[in-house]
Amino acid sequence: MNFSVVTGDITRLHADAIVNAANNSLLGGGGVDGAIHRAAGPGLLAECRTLGGCRTGECKMTDAYNLPCKKVIHTVGPVWHGGNRNEAELLASCYRGAMELACRNGFGSIAFPCISTGVYGYPARAAAEIAVGTVYDYIKKHESGINVTFCCFKQSDAEIYNSLLDRISVKTV
Ligand code: ADP
């Protein structure tokens, strides 16, 4: 298995797919969503307008326009309401759905931001445990050789991911 953790801007990564933590409209927003739309250029918004939005926990894929990656997988994470509104299952569904799309399309690499942990308020450590656990289970179950990057904007998130991946001994970088 090939997992890596990087700190920085996901829009700079040359992965086959980067994942966008979008909102239900898919028409752009703040945080990583805003950064992706700015770097991709107006073609991305034009394509997103044709998609009819996206439900929480689901994924939709677009071209990447001016981004250096090949495709963008847009997913909508749950807003954190305290943990009793199915947040964990919805967040896991984002990671699982993105892995399914990437593998179905034969991608060799995928990069994730820390979905839901910005404006949507999901606690960082709990979200990282779901991210790592869900992606690890998917790869094991499907015997996938895909390279997965967890792209953390904040150093504190990178430390959490590194400690989780060290614990399951799968990190290669
Ligand atoms: P959400 O609405 O799902 O919480 P946000 O974009 O507000 O989405 O935050 C999700 C995560 O993305 C946060 O951890 C934030 O620090 C991070 N982030 C913001 N900008 C970028 C970027 N350019 N590249 C990677 N991660 C980013």
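Read-outs: derived from the displayed coordinates by stated rules, not from any lab. Remember, it's a predicted structure, so these values are computed and weren't measured experimentally. Virtual Cβ from ideal backbone geometry, glycine too; neighbours counted across all protein chains shown.
Of the residues making up segment 44-101, those that are on the phi > 0 side of the Ramachandran plot and of a type in the set (S, T, Y) number 1. Among residues belonging to segment 77-95 that are under 18 Å from C151 (Cβ atoms) and in contact with a helix residue (DSSP H, G or I) (Cβ under 7 Å, 6 or more places away or on another chain), point out the one that is nearest to the ligand (Cβ to nearest atom). Ranking the qualifying residues of segment 77-95, first place goes to G77. Residue count for segment 136-161 under the criterion of being buried (at least 18 other Cβ atoms within 10 Å of the Cβ), within 16 Å of the ligand (Cβ to nearest atom) and assigned to a helix (DSSP H, G or I): the result is 4.
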